[in-house]
Amino acid sequence: MTTQSNSPYSPDLRGFIAYLEAEHPEHILRITKEVDPKFGVSGILERLERDGKFPLVIFENVKGSRIPLVANMHASFERLRLGLGMESGGVKEFVRECAARQANPIDPVMVETGPVHEVVTLGGNVDVEELPICTYHELDAGKYITAGLAVMRDPETGIRNVGIYRHMVHEKNLLGVQLSETADGNVIWKKYEKRGLPCPVAIVIGHHPAFFVGALCFSTLDSDEIRIAGGMLQRPVPLVRCKTIPLEVPADAEIVLECEIRPVERRAEAPFGEYPGTYGPRRMNPVLEVKAITRRKNPLYQNAFVAHADNLLLSGTIRTSFIEDTVRIACPTVRAVNVPRSGVYRFICYIAIEKMQEGEAKLAAMAAFVADPFLKFVVVVDHDVDIDNDTDVLHAIATRVRADQDVFMVPYAKGSPLDPASYDPAGGSNLVTKMGIDATRKSNYPDEIKVPGADAIDMAAFIPGYRGRDG
């Protein structure tokens, strides 16, 4: 494995692009013709997705901006794997590597300056509309920043936090934000709000995929995601102090928006096409004042195509290790966890356990709900079920579940406010009903059929050129 610490390429966005161009050019698609940021960028990405193509797309000529746009970075699992320096391996190997690096975070280092401070714009000269910010879906209320890593600091503990939130452009120096009730950023912002103080937020735009993986790993509020990002990169993240707010940001980022959330003030924000494939409702949300824009001389702007592979895949692959660690407390014999694409990588979870006694499956399901509040359906199966295959899981449900005894529900539970099946989706309710399903074999389960010796047969000896499902 090639680690970031010994790679000849710089561990930032442009360094990763240079690596792909040199080592994996098939991943890069450059579009030089002018593209409209309103539906044009998202239209091209959607057409590519429909055709089963998920390249990293660099739009070099976005109408109304001089800055190139980098899109679809996280739409391919192979690119996520390459982002960790893994030239081979499947999802399980990737998740194990993520978990190992998350368990070994690396402290950042402070530096005096860096590329992100090559150009500094302050006060009345701030204009976010100079960036190639896109409008994605038909009913979106306006332009949205979708891949900004929001750096915040807990005013009580001083611990940094990083999360991605949507930011609607209200004016050239004013942005909206949706801080969901399940987000750590919501907790931090409300601590400032209760004190009547503005909440500093630095929106970091453009960085290496390993930084994204580390910053978005599931962790507790007392974890510094900058340290975890360092662990993913396998090097300390160099930090510079912001010019106008008391925060530190990666010196090798492309663009940083230094902001404050104004206390008390609210403004109508959304609708916006969200990850479930439906529109998040209009809400009266906080307002961010952009105090400064710092950037490289020739920056790259990075976005995320929400509700599509670029947005969904990253979240789905990195949340499983935290869920598994939490489930292991309740059920030490957990063998694997999968948050499948069929549940938009958010709402459904499959757990495989080596069951030792009755009741364990329900404890495992409850632990998963604790670990990830977005989950609504948790299915627990025996360890011989392939939880990467929806059909195998459905077969276990069909043949091993007695609904009156093996299914339990938790009504009025905390979930996602963007869930279209919440109790009041139009009002942005985050209350949902959660369902746990014990799809393991029970003590009186009959013997299952099998053909002895089938696995040992060399099929190619009988059928020349034969390749199995995994071949």
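Some observations on this one:
- Maximal additional length on extending the GLU358-ARG30 stretch stands at 112.5 nm, based on 0.36 nm per residue less the C-alpha distance.
- In nm, spacing of pseudo-spin labels at HIS383 and ASP222 (7 Å Cα→C-beta vector): 3.2
- Shape category assigned to region 127-238 from the gyration tensor of Cα positions, a/c cut at 1.5: oblate
- Förster radius 51 Å - calculated FRET efficiency between VAL451 and ALA426, Cβ distance, rounded to 0.05: 0.40
- Projecting the Cα atoms of VAL334, THR440, PRO425 onto the charge dipole of region 323-471 (Cβ charges, centred on the Cα centre) puts PRO425 farthest toward the positive pole.
- Here each label is just a point 7 Å from Cα along the line to Cβ, and for ARG195 and GLU60 those points are 4.8 nm apart.
- Ellipticity estimate at 222 nm from DSSP helix runs (n ≥ 4, -39,500 (n - 2.57)) divided over the chain, nearest 500: -7500 deg cm²/dmol
- Per residue, the accessible area of region 345-407 comes to 44 Å² when a 1.4 Å probe rolls over the protein heavy atoms.
- When the listed pairs LYS172/LYS297; LYS92/LYS143; LYS190/LYS297 are checked against a 26 Å cut-off, the alpha-carbon distance exceeds it for LYS92/LYS143; LYS190/LYS297.
- Farthest toward the positive end of the dipole of the chain, out of VAL91, ILE203, ALA147, is the Cα of ILE203, where the dipole comes from beta carbon charges about the Cα centre.
- SER7 versus ARG402: modelled label distance in nm, points set 7 Å from Cα along the beta carbon direction: 5.3
The values are calculated or read from the model by the stated rules, or taken from the named source; none is laboratory data. Fair warning: this is a prediction, and the values are worked out from it, not measured in the lab. Methodologically, a virtual Cβ is constructed for each residue, glycine included, from the backbone with ideal geometry; neighbour enumeration extends over all protein chains shown. SASA here: full protein model, heavy atoms, side chains in, ligands and nucleic acids out. Shrake-Rupley method; radii C 1.70, N 1.55, O 1.52, S 1.80 Å.
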